[in-house]
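Okay, structure first, notes after.
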Amino acid sequence: MSILEKILTLFRGAATEAGQAVIDRNATRILDQEIRDAQGDSLRAKEDLTKLMAQQKLASDKLDAKRAKKAEYESHIGRLLGQGDQTLARDVAAKVAQLEGEIAAEEKALTATKAAVDKLHGSIKTADRRIESLQQQVDQVKANESVLRAQSAISARHSGQNAKLRTALDSLERVKTQQAERTAQIEAADALALSEGDGDLEARLAAAGVAPGQVSADAVLARYQKTEVVQHPREQLGAPQDEGSPLPAVHERAKV
């Protein structure tokens, strides 16, 4: 095979693949058009069937008329023979013979027409059933295609949402890391400020309870305990008091 033939073969293969791809992408549309074409053919067949049935009826009516005419001529032959008119009776008999030939030919043609009508009618019914079945299948394919498109859209949207959530979580982690770094920087700056001045020493004195202006809870409680002892010395010692004697003066000796 020459190079030119191979190139032509390549072009034919590419054209075939491109055509097949176009057919695959428009398969549903092609099916719809094929169904419409089949429905059009069925409609034209029904029109032809209607014409054929009309011809059958006309032929049947014409045949019935000839049969009636034949029966009438046959009755004339009997009367003419009774009257002794052999000549006229023979002429009528010739007409009856002619009618019988025509009737036989038309009966044969009518039988063929009736067979053609029955066959065409059956073919149309079969075609209509096939078209209806194909239409149902196409409708089902369309419904499945709609479901697949919806599922694909949902899947794509879900994937996009997952990607957005991952991006949001990454951003949140970065913010938390930045906040932790800023908090550590502030704590380090506070610690550095305390170590450079008297802040660290004051903090340790305050923790020991000896810093100026610091009053502990134990000191406040001891102060009030001493005040109570000075105010009620007799009650605490159990000494009785005279009803008429005045209450002793209260002297607070509270120490801070």
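Observations on the model:
- In terms of distances greater than 27 angstrom between alpha carbons, the cross-link table entries Lys69/Lys114; Lys46/Lys66; Lys46/Lys114; Lys62/Lys125 yield Lys46/Lys66; Lys62/Lys125.
- The stretch between Glu107 and Ala150 holds 9.1 nm of extra length on full extension. This uses 0.36 nm per residue minus the Cα-Cα distance.
- 1.4 Å probe accessible area per residue over region 1-88, in Å²: 76 Å²
- Linear extension gain, Thr183 paired with Gln33, 0.36 nm per residue minus alpha-carbon span: 46.8 nm
- D (Stokes-Einstein, µm²/s), Kirkwood Cα radius, region 1-80, 0.692 mPa s at 37 °C: 173 µm²/s
- Protein accessible area in region 1-124, 1.4 Å probe - carbon and sulfur %: 60 percent
- FRET efficiency for Leu120 and Glu72, using Cβ-Cβ distance with R0 set to 30 Å, rounded to 0.05: 0.25
- With each label modelled as a point 7 angstrom along the Cα→C-beta vector, the Ile7-Lys226 pair spans 11.9 nm.
The values are calculated or read from the model by the stated rules, or taken from the named source; none is laboratory data. Bear in mind the structure is a predicted one, so any value in this text is a computation, not a measurement. So basically every Cβ, Gly included, is an ideal-geometry build from the backbone, and we count neighbours across all protein chains shown. We work out accessible area using only protein heavy atoms, side chains counted, and drop any ligands, DNA or RNA first. Shrake-Rupley method; radii C 1.70, N 1.55, O 1.52, S 1.80 Å.
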